[in-house]
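What follows is one structure encoded as C-alpha cells, with my remarks underneath.
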Amino acid sequence: MTKFESSIKAIPYPVEDVYRNISDLKNLERVRDRVPEDKVQDFQFDTDTVQVSVAPVGLLKLRICEREENRCVKFETEQSPLPFNLWIQVLPVTDTTSKMKVTVKADIPFMLKGMVSGPLQDGVEKIADALAQIPYV
C-alpha cells in the first residue's frame, strides 16, 4: 500500500461543525455547484456513499466505513479502477478553529506506481484544499 497525505489545512470552524458536515455525505448538496462538470460527471451521494465519474479515471464509488466522532471519517472504495482507502482527519485547534488532513492508501501495482503517484498526490491535495474552503455552518 502506498500512502499519500495532504498538507494540514486550517479550518475556521469548530471541530464539531466540521465533523458533522463531513460525516454525512448528504451535506455535499451544498457544494454541488462547485464541482467542475467538465472533469466530474455522474455526481451522486447519500448519507454513506458518494459516486463520481472522473475523466480519465472512470467511475469511483466510495462508502464511509468508519466514523470516529469529532476526529476522523474513513472511506473505502466500492468501485474503482484502483482500490484505495481515504480518510479525513479533523482536530480542534481552538474552540472555534480546526485543522484537517486527507490521507489515501492505495494498492498500486509496481508498474503503475510511477505514472499514478504524482496525480494521486495532487488529487489528495486538491480534495484537502476544497474541504478547507467549505462553509461548515
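The values are calculated or read from the model by the stated rules, or taken from the named source; none is laboratory data. Keep in mind that what you see is a predicted model, and the values were worked out from it rather than measured. Cβ placement follows ideal geometry from the backbone for every residue including glycine, while neighbour counts extend to all protein chains displayed. What goes into the accessible areas is simple: the full protein's heavy atoms, side chains included, and nothing from ligands, DNA or RNA. Shrake-Rupley method; radii C 1.70, N 1.55, O 1.52, S 1.80 Å.
Normalised per residue, the accessible area of the chain is 59 Å², obtained with a 1.4 Å probe and no contribution from ligands, DNA or RNA. Normalised by the number of residues in the chain, the mean separation of alpha-carbon contacts (under 8 Å, six or more apart) gives a relative contact order of 32 percent.
Estimated purely from DSSP H runs of n ≥ 4, each contributing -39500 (n - 2.57), the mean residue ellipticity at 222 nm for the chain is -7500 deg cm²/dmol once divided by its residues.
Pop out the carbon and sulfur fraction of the accessible area of region 21-90 as a percent, whole number, probe 1.4 Å.
Values: 1900 of 4150 Å².
Answer for region 21-90 is 46 percent, counting heavy atoms of protein chains only.
If the segment from ASP46 to ILE8 were pulled out straight at 0.36 nm per residue, it would be longer than the present Cα-Cα gap by 11.0 nm.
Note on the chain: dipole from Cβ charges, positive end direction compared against THR103, GLN79, ILE134; the farthest Cα belongs to THR103. Pair-distance distribution of the chain: all C-alpha pairs, bin width 10 Å, starting at 0; shares per bin in whole percent are 12, 43, 36, 9, 0.
For the chain, modelled as a GNM whose springs connect Cα atoms under 10 angstrom apart, the maximal fluctuation among ARG20, ARG63, ARG32 occurs at ARG32. Sorted into 5 angstrom bins from 0, the C-alpha pair distances of region 65-133 split as 3, 14, 22, 23, 17, 10, 6, 3, 1, 0 percent. Largest GNM mean-square fluctuation across LEU112, LEU59, LEU91, computed for the chain with C-alpha springs under 10 Å, falls on LEU112. Against the main long axis of the alpha-carbon atoms of the chain, helix 110-132 sits at an angle near 20°.
Which GluC sites (Glu not before Pro) in region 44-86 sit in a loop by DSSP (not H, G, I, E or B) and have at most 13 other Cβ atoms within 10 Å of their own Cβ? Intermediate values should be presented prior to the final figure.
Values: sites: GLU66, GLU68, GLU69, GLU76, GLU78; in loops: GLU69.
Filter output for region 44-86: GLU69.
Comparing SER98, SER23, SER117 in a Gaussian network model of the chain where C-alpha atoms under 10 Å apart are linked, the largest mean-square fluctuation is found at SER117.
Taking the centroid of alpha carbons for each part, region 78-137 and region 1-25 are 9 Å apart.
Explain nothing, just the number: dipole magnitude of the chain about its Cα centre with +1 on each Lys and Arg Cβ and -1 on each Asp and Glu Cβ, in debye rounded to the nearest 20. Magnitude of the dipole: close to 300 debye.
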